[in-house]
Amino acid sequence: MPDGYFIERPRTYNVWFGARGFAVKGDTGPAVKAFKEHWKVYVLAQAANPPAMKFINGSGLYFNTIHPNTFEFYEEINAVVQEEPADSADPEILGQLAAIDIVKGKPFAPDARMKKILTNAVAVGNATARAISFRPRDPAFYFYPGEPAWFTPFVGGSYEFIQDNVRLLDPRTCFFYLATGITPAMSVKMVGAGSQYAAATVDADGNYLDGGKNYRLHLPPNIPDKTFWSLIPYNTQTRSVLQTDQRDTALTSESGTVKANADGSVDVYWGPKAPAGKENNWIQTVPNKGWFTLLRLYGALDPWFDKTWRPGEIELVK
């Protein structure tokens with residue numbers, strides 16, 4: 001929801017969904033207005049007389065959306081299995097869960113031995129997912145051979161992570177460790193529509209991005225977006241937007257405040273403090289916190305797909 005709005009619903013309904021509204025010249029008001037006037041969510045049985053929607057402004061509030069990396073991970077999965085219909089997952093997944101005694105209608109109560117095994121397993125799984133997500137080894141991830149930074153979360157161009165009838169497990173792990181929802185419009189080539197993503201976790205020298213250091217990124221002229229582009233910093237621990245003192249963490253062409261160079265190129269700066277005179281093109285980072293970024297192109301154009309336009313590397317400013 002734009003401007004951090006939540007929808008309040010009765011707790012008896014186990015429903016999750018997401019939506020995205022876009023600002024108009026930096027103003028989120030039109031998107032908020034459209035959602036409030038047209039967004040309706042209700043149980044089908046209430047279609048003849050839908051209840052009134054209630055929206056709660058969550059701007060400025062903090063809440064945790066991160067799944068646990070401890071034994072609690074299994075307890076969370078068990079809660080989902082118990083609440084959802086028996087056929088909500090395929091037999092393969094349910095079989096894997098049953099192997100560790102997570103079964104619908106049955107208490108999940110592993111003994112001390114099994115709890116130790118599962119606790120170790122979730123730690124290894126978390127470490128494995130982090131390694132895949134922040135330093136992919138497969139060259140197929142990378143947009144530009146020989147350059148360490150920009151990689152795609154959608155190896156193979158499939159939102160199902162299938163290529164030649166093979167499930168690409170590492171790319172799927174990479175995406176879902178860093179993100180949540182997915183649609184075909186995020187992964188397939190749609191010139192002038194949809195969205196394209198490029199991730200960077202390291203600088204031009206291959207070193208992980210450090211919140212206590214200063215960096216510069218050069219975006220060449222004629223950035224190939226039909227709608228707008230944006231750069232957002234994320235916390236490597238939470239994979240959520242980095243919490244800083246900036247009101248608008250994202251740097252986006254949609255804001256109308258980003259300063260372009262004389263040739264139309266744009267220089268972006270990251271660091272704890274803004275370089276003098278570069279405040280409009282600065283994204284704040286936090287000392288002692290790692291970060292990564294996503295470059296988004298909404299309505300990407302041909303120069304992005306044929307790679308005649310490419311972003312620079314994120315360079316350490318010494």
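The values are calculated or read from the model by the stated rules, or taken from the named source; none is laboratory data. A quick note: this is a predicted structure, and the numbers were derived from the prediction, not measured. Glycine gets a Cβ as well: all are built from the backbone with ideal geometry, and neighbour counts include every protein chain shown. Each accessible area value is taken on the protein alone, full model and side chains, heavy atoms only, with ligands, DNA and RNA left out. Shrake-Rupley method; radii C 1.70, N 1.55, O 1.52, S 1.80 Å.
Somewhere in the range 183-195, is a residue touching a strand residue (DSSP E or B) at 6+ places or on another chain (Cβ under 9 Å) and assigned to a strand (DSSP E or B)?
yes
Within the set of pairs 6 or more residues apart or between chains, which connect a residue that is surrounded by 14 or more Cβ atoms within 10 Å (Cβ to Cβ) inside the range 248-262 to a residue that is assigned to a loop (DSSP other than H, G, I, E, B) and charged (D, E, K, R) with Cβ atoms less than 8 Å apart?
As it stands, the answer is Glu254/Lys25; Ser255/Asp248, since those pairs meet every condition given.
Can you tell me which residue among Ser133, Ser158, Ser195, Ser187 is surrounded by fewer than 18 Cβ atoms within 10 Å (Cβ to Cβ) and either of a type outside the set (D, E, K, R) or at pLDDT 95 or above (or both)?
Working: Ser133 fails: surrounded by fewer than 18 Cβ atoms within 10 Å (Cβ to Cβ); Ser195 fails: surrounded by fewer than 18 Cβ atoms within 10 Å (Cβ to Cβ); Ser187 fails: surrounded by fewer than 18 Cβ atoms within 10 Å (Cβ to Cβ).
Selected residue: Ser158, the only one of Ser133, Ser158, Ser195, Ser187 that is surrounded by fewer than 18 Cβ atoms within 10 Å (Cβ to Cβ) and either of a type outside the set (D, E, K, R) or at pLDDT 95 or above (or both).
Are there any pairs, at least 6 apart or on different chains, whose C-beta atoms fall under 7 Å, with the first in the range 229-244 and free of Cβ contacts under 8 Å to residues at least 24 places away in the same chain and at negative phi and the second assigned to a strand (DSSP E or B) and surrounded by 19 or more Cβ atoms within 10 Å (Cβ to Cβ), and if so, which?
Val241/Tyr234
If the requirement is being within 18 Å of Leu178 (Cβ to Cβ), in a strand (DSSP E or B), open to solvent by 20 Å² or more (accessible area, probe 1.4 Å) and of a type in the set (Lys, Arg), which of these qualifies: Arg239, Arg296? Give the derivation first.
On the way: Arg239 fails: in a strand (DSSP E or B).
Being within 18 Å of Leu178 (Cβ to Cβ), in a strand (DSSP E or B), open to solvent by 20 Å² or more (accessible area, probe 1.4 Å) and of a type in the set (Lys, Arg) holds for just one of Arg239, Arg296, which is Arg296.
If I go through the range 56-68 residue by residue, how many of them are farther than 30 Å from Gly125 by Cβ and either modelled with pLDDT of 85 or more or small (Gly, Ala, Ser) (or both)?
To start, the set of residues in the range 56-68 that are farther than 30 Å from Gly125 by Cβ comprises 56-61.
Of the ones still in play, those that are also either modelled with pLDDT of 85 or more or small (Gly, Ala, Ser) (or both) are 58-60.
Qualifying residue count for the region: 3.
For Pro221, indicate whether it is under 29 Å from His67 (Cα atoms), part of a loop (DSSP other than H, G, I, E, B), free of Cβ contacts under 8 Å to residues at least 60 places away in the same chain and open to solvent by less than 60 Å² (accessible area, probe 1.4 Å). Let's see the steps before the verdict.
Values: under 29 Å from His67 (Cα atoms): no; part of a loop (DSSP other than H, G, I, E, B): yes; free of Cβ contacts under 8 Å to residues at least 60 places away in the same chain: yes; open to solvent by less than 60 Å² (accessible area, probe 1.4 Å): yes.
No: the conditions fail for Pro221.
Under 8 Å between Cβ atoms, at least 6 apart or on separate chains: pull out the pairs that start in the range 302-317 with a residue that is small (Gly, Ala, Ser) and end on any residue that is part of a strand (DSSP E or B).
Gly312/Leu217; Gly312/His218; Gly312/Leu219
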